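To keep things clear, I will list the structure first and then write my remarks on it.
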């Protein structure tokens, strides 16, 4: 009998523990009803780790993450930590985890489910049927480039600086992921850059173009990031797979999130070359509603569904997605997507559907 997969849960801050409690309810149900069991352990990251250890990302958490087959992350951050030195802020824990695990490929699906066509801020005819996969490079670019910092000039004025840098190998690695994903979808990749003004992304464009010679079955296009942002709200269904840099992917995926009705709907997966992954919602810690039973757990539940797909239990992941959409279709959901239920009550609706009680 195959050993259970090791799952590390990092609930984090704000609404993170609340949404993660809902995932644990689903995990417990699946262990009892679908023979999908994990060896689950809990750890600290971000503000929760700062509160206990004075450090957003401890060696213990790193060791636990390295030993796990997958990591499920809630959210990090909160206003009470904003006065800390930058290297001690909660977000440094998240960046450290991505870097240490070499989670270079961030997959962010933006799907508008029919049940939420009216929840999008765009007209239904613009977004109905939307299904985009944004492939974001996650361990390079301006977020990690050196040198960086704030320095004092000779005249006493302060100057901040960051470095945007990518190597050909990093670009090839993420572009290959995009081509492989497109091959399982509609065989279209749009590579997003700012090659007209940034030499680094000129290299990005040239490298992706060269790699495309080995992937002629995929239709490749290029687009400047400012145009891509405009096109996402003008005609988003033109896109199938988008591949781009760390910062551009961060911004564009949040733009795409609002096309789907709520940022609380979208999951993400971050993978390394060995297939180890971290799965998380793309929303933040939402401290303004933390502890109020108001948050939408859909994104973290769908992230868990992505994890199930990745371990070849697509059948169970699909069942979970159908249960979520069934509840939403009947309006039995949280307030951000038109319902009246609290976080826990919405999850119960999903569990009732999984149990065949609807």
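Since every read-out is calculated from the coordinates, none of them should be taken as a lab result. The structure presented is a predicted model; accordingly, all values stated were derived computationally and were not measured. When we count neighbours, we look across all protein chains shown, and the Cβ atoms used for this are built from the backbone with ideal geometry, even at glycine.
Once the stretch 174-213 is represented by equal point scatterers at the alpha-carbon sites, with solvent omitted, what log10 I(q)/I(0) does the Debye formula produce at q = 0.33 Å⁻¹?
-1.09
Given the chain, what percent of its DSSP beta bridges are antiparallel, to the nearest 5?
Antiparallel bridges: around 40 percent, rounded to the nearest 5.
Cα atoms only: what Rg and Dmax, in Å, come out for the stretch 112-271?
Both quantities, over Cα of the stretch 112-271: 17.4, 59 Å.
Work out the P(r) tail for the stretch 60-139: percent of alpha carbon pairs separated by more than 18 Å, whole number.
Working: 1936 of 3160 pairs.
So the pairs more than 18 Å apart make up 61 percent of the total in the stretch 60-139.
Taking the highest mean first, how do the peptides 213-219, 33-39, 301-307, 239-245 order by number of other beta carbon atoms within 10 angstrom per residue?
239-245, 301-307, 33-39, 213-219
Send over the per residue convex hull volume for the stretch 129-186, Cα only, as a whole number of Å³. Kindly include the intermediate steps, with their values, before the conclusion.
Numbers: hull volume 6.1 nm³, N = 58.
Here the figure is 104 Å³ per residue.
For the stretch 79-133 and the stretch 282-349, what is the centre-to-centre distance using only Cα atoms, to the nearest Å?
15
Return the whole-Å distance between the Cα centroid of the stretch 12-54 and the Cα centroid of the stretch 142-163.
Cα centroid to Cα centroid, the span is 38 Å.
Starting with the highest mean, order 119-132, 274-287 by the number of other Cβ atoms within 10 Å, averaged over the residues of each peptide. Provide the component values of the computation, followed by the final result.
Details: 119-132: 15.7, 274-287: 20.8.
Most protected by this proxy first, the peptides run 274-287, 119-132.
Please report the Cα spread of the chain along all three principal axes, rounded to whole Å, starting with the longest.
Taking max minus min along each principal axis of the Cα atoms, the chain gives 65, 49, 45 Å.
Using a simple spin-label model with points 7 Å from Cα along the Cα→Cβ vector, what separation in nm is obtained for residue 214 and residue 4?
In this crude spin-label approximation the distance works out to 4.0 nm.
Give me log10 I(q)/I(0) at q = 0.25 Å⁻¹ for the stretch 13-79, Debye formula, one equal scatterer per alpha-carbon, no solvent.
Debye curve over Cα of the stretch 13-79, log10 I(q)/I(0) at q = 0.25 Å⁻¹: -1.14.
So if each residue of separation counts as 0.36 nm, and I subtract the Cα-Cα distance between residue 188 and residue 151, what length gain in nm does that give?
8.9 nm
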